[in-house]
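A.B. asks: The following block contains the structure, expressed as structure tokens.
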Amino acid sequence: MSHYQPFFTPQLTGMLLNCTNLIAWTIDTGIAVSRPDIVLLYYPPIYNFYWFVSRSLFILRNNHTRIPILDDILPILQKALEGNGTATLLAESQSDTVNNWVYWDDFLGDGDVIDGKVVNNAEDRLFSTSIALNALLDIWTTTTSTCKRQWVSYTPQSVKTTVEGGINFLNKFILGSTYLPENCFFSGSMKGVLSLPFFYPGNVMFYANGTKLVNPTNESQIDTTLTDVVQGYIPESEYSLLLQKTWFGTAVPQTFGGFNSDGVFFPFWSSPAFTYSGALAAISKFASANQCV
């Protein structure tokens with residue numbers, strides 16, 4: 001602990017606590033699900049977000065450095081992930097009770113149109129299932145003196161049943177040809193015109209030449225030299241009023257129709273290797289938790 005303590009300055013510990021509370025708020029409100037175009041700017045798969053956070057929870061649960069700020073962060077993430085985080089992951093799952101399979105879909109291939117009909121080709125089903133399972137397993141397992149992983153004592157049965165169904169699904173399909181191993185592990189930031197920051201509230205706007213903009217009424221005022229940001233803290237009551245205004249002549253986009261909706265376009269990167277490694281990690285974690293290796 002003494003080796004790391006000087007690194008944790010008041011500024012750093014304050015930043016860690018603030019970031020943790022922001023992440024917990026994101027989980028508790030479900031805003032990552034309703035507005036992934038904004039919240040998950042570069043990494044749009046929703047299950048990636050939960051896995052990123054749950055990995056931190058797993059590490060913190062097994063942290064023995066006794067650095068005070070880490071002990072403060074642990075219960076914040078634990079409450080959020082065991083609460084609404086788990087509820088969201090379970091609610092997003094789909095079940096095949098006949099075969100005892102559980103799987104998750106995201107957005108790749110879910111809005112394909114073939115011969116005029118919308119078809120779900122489930123191009124990211126293997127990936128989404130793998131990552132969602134990793135998230136649940138990292139939320140609800142921990143290490144012990146004798147086991148690399150073990151279910152925490154109060155794990156809900158619904159979690160165990162769902163995870164088992166997901167593992168069954170991966171064992172059946174991960175090496176087959178029924179589903180593509182595609183994913184969207186990285187993407188371009190803008191998801192169409194309405195994701196541009198200019199159409200959301202800002203309180204500091206200026207051009208590169210120093211000219212301030214105080215009345216953004218028309219899209220013609222937007223150019224590549226314009227900076228449009230929020231400075232400081234805006235109280236919720238004031239921000240709610242700002243949401244009702246138009247910015248550069250456009251009403252604030254307060255809903256998102258999904259990544260397959262009209263007007264949404266962006267480049268993305270896919271890695272089948274990520275899908276296979278994620279599946280391997282989930283299957284191995286499940287085996288470890290149930291066999292105490």
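A.B. asks: Whole number please: convex hull volume per residue, Cα atoms of the chain, in Å³. Intermediate results must be reported in sequence, preceding the final value.
C.D. replies: On the way: hull volume 53.4 nm³, N = 293.
In the chain, the Cα hull volume divided by residue count equals 182 Å³.
A.B. asks: Which value, in Å² rounded to 10, gives the accessible area of residue 71 with a 1.4 Å probe and all protein chains present?
C.D. replies: 60
A.B. asks: Would you mind giving the three semi-axes, in whole Å and largest first, of the ellipsoid equivalent to the stretch 1-147 according to its Cα gyration tensor? Each step should come with its number before you reach the end.
C.D. replies: Working: eigenvalues 237, 69, 27 Å².
Listed largest to smallest, the semi-axes of the stretch 1-147 are 34, 19, 12 Å.
A.B. asks: Amide H neighbours of residue 186 under 5 Å, at least 5 residues apart or on other chains, H built in the peptide plane: list them.
C.D. replies: Excluding prolines and chain starts, which carry no amide H, the hits are 269.
A.B. asks: Can you pull the percent of the chain's accessible area that's carbon plus sulfur, 1.4 Å probe, other chains left in place? Write out the running numbers ahead of the final one.
C.D. replies: Numbers: 9080 of 15620 Å².
Carbon plus sulfur share of accessible area: 58 percent.
A.B. asks: In whole Hz, what ³J(HN,Hα) sequence does the stretch 190-196 give by Karplus (6.51, -1.76, 1.60; θ = phi - 60°), x for Gly and Pro?
C.D. replies: 7, 10, x, 4, 6, 9, 5
A.B. asks: Next question, about the same structure. Along the charge dipole of the stretch 1-90, pointing to its positive end and built from +1/-1 on Cβ of Lys, Arg, Asp and Glu, which listed residue (36, 52, 86) has its Cα farthest out?
C.D. replies: Value computed over the given set: 52.
A.B. asks: Restricting attention to the chain, give the cysteines that have no other cysteine Cβ less than 4.7 angstrom from their Cβ.
C.D. replies: So far as the 4.7 Å Cβ criterion goes, 19, 184 stand without a partner in the chain.
A.B. asks: Can you give me the relative contact order of the chain as a percent, contacts being Cα pairs under 8 Å and 6 or more apart? Walk me through the numbers on the way to the answer.
C.D. replies: Details: 429 pairs, mean separation 63.7, N = 293.
After rounding, I find 22 percent.
A.B. asks: Report, in whole Å, the centroid distance computed from the Cα atoms of the stretch 204-232 and the stretch 121-144.
C.D. replies: Centre-to-centre distance over Cα atoms comes out at 42 Å.
A.B. asks: Here is a follow-up. If you wrap the stretch 216-293's Cα atoms in a convex hull and average its projection over all directions, what's the area in nm²? Display every interim value, and only then the final one.
C.D. replies: Working: hull surface 43.8 nm².
Approximately 11.0 nm², given one-decimal rounding.
A.B. asks: How long is the gain from residue 148 to residue 284 if the chain were fully straight, where each residue apart is worth 0.36 nm and the alpha carbon distance is subtracted? Walk me through the numbers before you get to the answer.
C.D. replies: Numbers: separation 136, 0.36 × 136 = 48.96 nm, distance 1.09 nm.
Contour length minus Cα-Cα distance gives 47.9 nm.
A.B. asks: Checking the a/c ratio against 1.5 first, then a/b against b/c, what shape does the Cα gyration tensor give for the stretch 71-203?
C.D. replies: Values: a/c = 2.35, a/b = 1.20, b/c = 1.97.
Cα axes put the stretch 71-203 in the oblate bin.
A.B. asks: Put a dot 7 Å past each Cα toward the Cβ at residue 237 and residue 66; how far apart are the dots in nm?
C.D. replies: Between residue 66 and residue 237, the simple spin-label model gives 4.7 nm.
A.B. asks: Rounded, prolate or oblate: pick one for the stretch 225-266, where a ≥ b ≥ c are the square roots of the eigenvalues of its C-alpha gyration tensor, a/c under 1.5 means rounded, and failing that, prolate if a/b is larger than b/c, else oblate. Before the final figure, lay out the partial values.
C.D. replies: On the way: a/c = 2.14, a/b = 1.60, b/c = 1.34.
In terms of gyration-tensor shape, prolate.
A.B. asks: A further question on this structure: For the stretch 147-293, what is the accessible area per residue in Å² when the probe is 1.4 Å?
C.D. replies: On the way: 8570 Å² over 147 residues.
Heavy-atom accessible area per residue stands at 58 Å².
A.B. asks: Could you compute how much accessible surface residue 66 exposes when probed at 1.4 Å, giving the result in Å² to the nearest 10?
C.D. replies: 120
A.B. asks: Give me the net charge for the shell around residue 205: Cβ to Cβ below 10 angstrom, other residues only, Lys and Arg +1, Asp and Glu -1. Walk me through the intermediate numbers first.
C.D. replies: Details: positive: 212; negative: 228.
Local net charge: 0.
A.B. asks: With no solvent and one point on each alpha carbon, what is the Debye value of log10 I(q)/I(0) for the stretch 30-100 at q = 0.12, 0.16, 0.20 Å⁻¹?
C.D. replies: Evaluating at q = 0.12, 0.16, 0.20 Å⁻¹ gives log10 I(q)/I(0) of -0.42, -0.68, -0.91.
A.B. asks: Given 191/285; 148/172; 191/212; 79/148; 79/172; 117/191, which pairs have Cα atoms separated by over 30 Å? Please report the intermediate quantities before stating the final value.
C.D. replies: On the way: 191/285 35 Å; 148/172 26 Å; 191/212 27 Å; 79/148 23 Å; 79/172 33 Å; 117/191 24 Å.
Beyond 30 Å between Cα atoms: 191/285; 79/172.
A.B. asks: Across the stretch 23-69, what fraction of all alpha-carbon pairs, as a whole percent, falls in each successive 5 Å bin from zero upward?
C.D. replies: Going out from 0 Å in 5 Å bins, the stretch 23-69 shows 5, 19, 25, 19, 12, 10, 7, 1 percent.
A.B. asks: If you don't mind, there's one more thing I want to ask. Which length gain, in nm to one decimal place, applies between residue 115 and residue 22 when the Cα-Cα distance is subtracted from 0.36 nm times their residue separation?
C.D. replies: Numbers: separation 93, 0.36 × 93 = 33.48 nm, distance 4.43 nm.
Extra length from residue 115 to residue 22 when fully extended: 29.0 nm.
A.B. asks: How many percent of Cα pairs in the stretch 135-293 exceed 28 Å?
C.D. replies: Working: 6554 of 12561 pairs.
So the portion of pairs separated by more than 28 Å is 52 percent.
A.B. asks: At a probe radius of 1.4 Å, what is the per-residue accessible area of residue 172, in Å² to the nearest 10?
C.D. replies: 120
A.B. asks: Find how much the distance from residue 41 to residue 186 grows on full extension, using 0.36 nm per residue of separation minus their present alpha carbon separation; answer in nm with one decimal. Walk me through the numbers on the way to the answer.
C.D. replies: Details: separation 145, 0.36 × 145 = 52.20 nm, distance 0.92 nm.
Contour length minus Cα-Cα distance gives 51.3 nm.
A.B. asks: Mind listing the long-range amide H neighbours of residue 123? Cut-off is under 5 Å, sequence gap 5 or more, other chains count too, H placed in the peptide plane at 1.01 Å from N.
C.D. replies: Close amide H contacts, sequence-distant or interchain: 109, 110.
A.B. asks: Pop out the ³J(HN,Hα) list for the stretch 219-231 in order, Karplus 6.51 cos²θ - 1.76 cosθ + 1.60 with θ = phi - 60°, rounded to Hz; leave Gly and Pro as x.
C.D. replies: 3J(HN,Hα) across the stretch 219-231, in whole Hz: 4, 5, 7, 8, 8, 5, 9, 7, 9, 9, 9, 9, 10.
The values are calculated or read from the model by the stated rules, or taken from the named source; none is laboratory data. In this text the structure is predicted, and so the values were computed from the model without any measurement. Heads up, the Cβs are rebuilt from the backbone with ideal geometry, glycines too, and the neighbour counts pull from every protein chain shown. Side chains included, ligands, DNA and RNA excluded: accessible areas come from the protein's heavy atoms. Shrake-Rupley method; radii C 1.70, N 1.55, O 1.52, S 1.80 Å.
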